[in-house]
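First the structure, in the form of structure tokens, and then the observations on it.
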Amino acid sequence: MYEIKTKLKKEIGLLDLFCIASGAMISSGIFVLPGLAFALTGPSVFLSYMIAAVLAGLGMLSQAELISAMPKAGGTYFFVSRSFGPAMGTINGILTWFSLSLKSSFALIGMGAFISLIVPLNISIIALLLTILFMILNILGVKEASLLQVVSVIILLMLMSFYVVKGIPEIKISNFEPFAPGGLLKIVTTSGFVFVAFGGLIGVTSVAEEVKNAGKVVPVGMILSLTVVSLLYFLIILVTVGVVEPDKLASTLTPISDGGYAISGKLGYILMTSGAILAFSSTSNAGIMAASRLPLALGRDFLVPEFLGKVSRRFKTPVYSILITGLFIISVLFLKLEVLVKAASTVIIFSNIFASLSVIVMRESKIQNYRPVFKSPLYPWLQLAGIVGFGFLLLEMGLEAILISAGLIFLSLLIYFTYGRLKAKRDYALLYLIKRITSKELLTGDLERELKDIIQERENVKWDRFDRLISLCEILNIKEKIDVSELFRIVSDKLHRRIGVERDYIYQKLKEREKVSSTVINNFVAIPHIVVDGKKIFDILVVRAEKGVVFSSKYSDVRAIFVLIGTMDERNFHLKSLSSIVQIVYNPDFEKRWLEARSIENIRDVLLLSERKRTDQN
């Protein structure tokens, strides 16, 4: 029933993703925290939310780049492990799982608290029943879980928009005086306290493998959800400060419900309380969905027991991973969560720092197959600004939260050194960066191959006959400068050994073809191609000339040569192959990638991963 290689179903579209990301953010951060934050900084609290949103945006742009290059289950774990190695990946994976699970626990208790106002049941019992419900939904399928998310978030956004539209005319300007009693520094430090309001955004990266056209959809969904939610936060906090009396706002745990009452009486209170229940529901559901993908990813990489990496053949969901996540959430429902939630926020900040560092390592390592669909702007200044900003927030989280995080790091390292280190062996980007600096041979090529497979899965590439031929063809890397005659002698000898045609015959054919008209198509590329006697023969030989080949006085520095040889009965495929090569060499970044390729397999990847129109060739 379960298979570790079974793929997750790609059922999540842009609307689903937007709602998963938005629903993961909108909960306690807006329905509980504003009153507590107001007590810290006064009416200027909406500025604290905006500072937190800007910092969340810095981390989000780095995550969006990484996930567009590597849309795999586990999100931040996956790209941290491929950037810094399995030890750091284990730490990030376990800490992020812990963080997302705790956020779900907190949301479930918050939801239980609001429901208990209507149904006379113990809050923890309500939260337990809700956890089981969301576990079942997530086991049945991501589409079913995301459908609940879409419905909840659409209703929630409508309620929040109603709150803003009805509330703006009711704002009392006097409520904003004094505007910042704690000064500018208090506004900034409070942004760390409310940063948890944007923490759910990190969870959306964990489900990237289940997103259709993930390379484009995930960055768009993340940017769109952060923009919409940040704007709503700004307006809702502005309205809440303007309509709720300051003394009451500073002491309430239901600020938006109180704001609803101030705007529309009992109806407003009921509507916003219903919105709070929906918000906690969507956060809980999204949290379980995202958190459960982390043990899945760790299990796939053999860093934790392999059964956690298995996917149900029937439901195409990680059942074991969902169950263990749900059981952990249930186990902490009956604990005091205040400090643990703060620790969860600390972990989220760490994850954003790792995302910024991962972009720097990935880019500076010059890995051939790191090809993000979305590139973070203003590199590396945006990443450096994020690291500094998140570092400041860490200082504001307090010693207790940092000590809990340190304990989790120790536990993660213990799991890695006693289990994962014995089974998980792989390249990572930091090794490529070290190799660039030290020139030591540290690499096996595993990361390049994995990234190539990810790109082909991401782009839904179906190999045609040309791809299969390129995957098996001979590729030469000639380091010295030679002339075209010497090139043809080398090529003729290689092709003779591959297809059995006489080497002198091939050499003369190539020379004659070049005399008829030059096969150089630009200063960088030449495509010598000949027809030989026989039947059912076709082959391609690829040459990368590091210092160039002299074809003529006009073309004296040709670096990429594609030699095509075939019989007349292969004429159609011969022409299609010529077309495929022309499409490849006219890709905007072809020359750069061709010259930077470190190995024969890197050269092959340049050809296999270049954008072109594929055909159903047999």
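The values are calculated or read from the model by the stated rules, or taken from the named source; none is laboratory data. Because the structure is a prediction, the values reported are computed rather than measured. Virtual Cβ from ideal backbone geometry, glycine too; neighbours counted across all protein chains shown.
Summary table below
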| item | result |
| --- | --- |
| Residue count for the range 165-187, restricted to those that are buried (at least 17 other Cβ atoms within 10 Å of the Cβ) and either β-branched (Val, Ile, Thr) or within 30 Å of the chain's Cα centre (by Cα) (or both) | 1 |
| Pair list, Cβ < 8 Å and 6+ apart or interchain, from the range 214-226 residues that are in contact (Cβ under 8 Å) with a residue 12 or more places away in the chain and among the basic types (Lys, Arg) to residues that are surrounded by fewer than 24 Cβ atoms within 10 Å (Cβ to Cβ) and not in a helix (DSSP H, G or I) | 216/373; 216/374 |
| Test: residue in the range 106-115 that is out of contact with any strand residue (DSSP E or B) (no Cβ under 7 Å at 6 or more places or on another chain) and under 18 Å from residue 294 (Cβ atoms) | yes |
| Which listed residue, of 85, 110, 74, 93, is touching a Leu at 6+ places or on another chain (Cβ under 6 Å), in contact (Cβ under 8 Å) with a residue 12 or more places away in the chain, farther than 16 Å from residue 21 by Cα and of a type outside the set (A, V, I, L, M) | 93 |
| Residue, nearest to the chain's Cα centre (by Cα), within the range 458-489, restricted to residues that are touching a residue at least 60 places away in the same chain (Cβ under 8 Å), closer than 30 Å to residue 79 by Cα and part of a helix (DSSP H, G or I) | 458 |
| Unique residue being more than 23 Å from residue 193 (Cβ to Cβ), in a helix (DSSP H, G or I) and at pLDDT below 75 when the list is 437, 415, 360, 454 | 437 |
| Residues of the range 164-204 that turn out to be more than 22 Å from residue 23 (Cα to Cα), assigned to a helix (DSSP H, G or I) and modelled with pLDDT of 90 or more, as a count | 9 |
| Contacts under 8 angstrom Cβ, first residue in the range 497-509 being assigned by TED's automatic domain parsing to the domain that holds residue 563, partner of a type in the set (Asp, Glu) and in a helix (DSSP H, G or I), 6 or more apart | 503/493 |
| Count of residues meeting criterion [out of contact with any helix residue (DSSP H, G or I) (no Cβ under 6 Å at 6 or more places or on another chain) and either crowded, with 20+ Cβ neighbours inside 10 Å or among the small types (Gly, Ala, Ser) (or both)] in the range 542-563 | 10 |
| Flag for residue 210 being crowded, with 24+ Cβ neighbours inside 10 Å and either among the charged types (D, E, K, R) or farther than 22 Å from residue 55 by Cα (or both) | yes |
| The range 510-533, residues that are part of a loop (DSSP other than H, G, I, E, B) and either more than 21 Å from residue 559 (Cβ to Cβ) or not assigned by TED's automatic domain parsing to the domain that holds residue 586 (or both) | 533 |
| The listed residue being under 28 Å from residue 609 (Cα atoms) and not hydrophobic (A, V, I, L, M, F, W, C), out of 467, 533 | 467 |
| Residues of the range 227-266 that turn out to be without any contact (Cβ under 8 Å) to a residue 60 or more places away in the chain and among the hydroxyl-bearing types (Ser, Thr, Tyr), as a count | 2 |
| Residue match in the range 230-249 (condition: surrounded by fewer than 16 Cβ atoms within 10 Å (Cβ to Cβ), within 30 Å of the chain's Cα centre (by Cα) and modelled with pLDDT of 90 or more) | yes |
| Meets criteria (aliphatic (A, V, I, L, M) and more than 30 Å from residue 292 (Cα to Cα)) for residue 243 | yes |
| Residues of the range 512-555 that turn out to be over 20 Å from residue 567 (Cβ atoms), among the hydroxyl-bearing types (Ser, Thr, Tyr) and under 45 Å from the mean Cα position of the chain (by Cα), as a count | 1 |
| Yes/no for residue 225 being in the same structural domain as residue 348 (by TED's automatic domain parsing), of a type in the set (Gly, Ala, Ser) and under 22 Å from residue 52 (Cα atoms) | yes |
| Residue 492 vs. criteria closer than 25 Å to residue 465 by Cα, of a type outside the set (Lys, Arg) and not in a strand (DSSP E or B) | yes |
| Among the residues listed as 369, 352, 285, the single one being surrounded by fewer than 24 Cβ atoms within 10 Å (Cβ to Cβ), modelled with pLDDT under 90, among the polar types (S, T, N, Q) and out of contact with any strand residue (DSSP E or B) (no Cβ under 8 Å at 6 or more places or on another chain) | 369 |
| Test: residue 200 is within 15 Å of the chain's Cα centre (by Cα) and either charged (D, E, K, R) or more than 28 Å from residue 40 (Cα to Cα) (or both) | no |
| Residues (among the hydrophobic types (A, V, I, L, M, F, W, C) and not in a helix (DSSP H, G or I)) located in the range 106-159 | 117, 118, 119, 121 |
| Boolean, residue 68 is assigned to a helix (DSSP H, G or I) and in contact with a Pro (Cβ under 6 Å, 6 or more places away or on another chain) | yes |
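Yes/no per residue for (1) of a type outside the set (Ser, Thr, Tyr); (2) without any contact (Cβ under 8 Å) to a residue 12 or more places away in the chain; (3) in a helix (DSSP H, G or I):
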site: 535; (1), (2), (3): yes, no, no
site: 541; (1), (2), (3): yes, no, no
site: 544; (1), (2), (3): yes, no, no
site: 553; (1), (2), (3): no, yes, no
site: 560; (1), (2), (3): yes, no, no
site: 564; (1), (2), (3): yes, no, no
site: 569; (1), (2), (3): yes, no, yes
site: 579; (1), (2), (3): no, yes, yes
site: 592; (1), (2), (3): yes, yes, yes
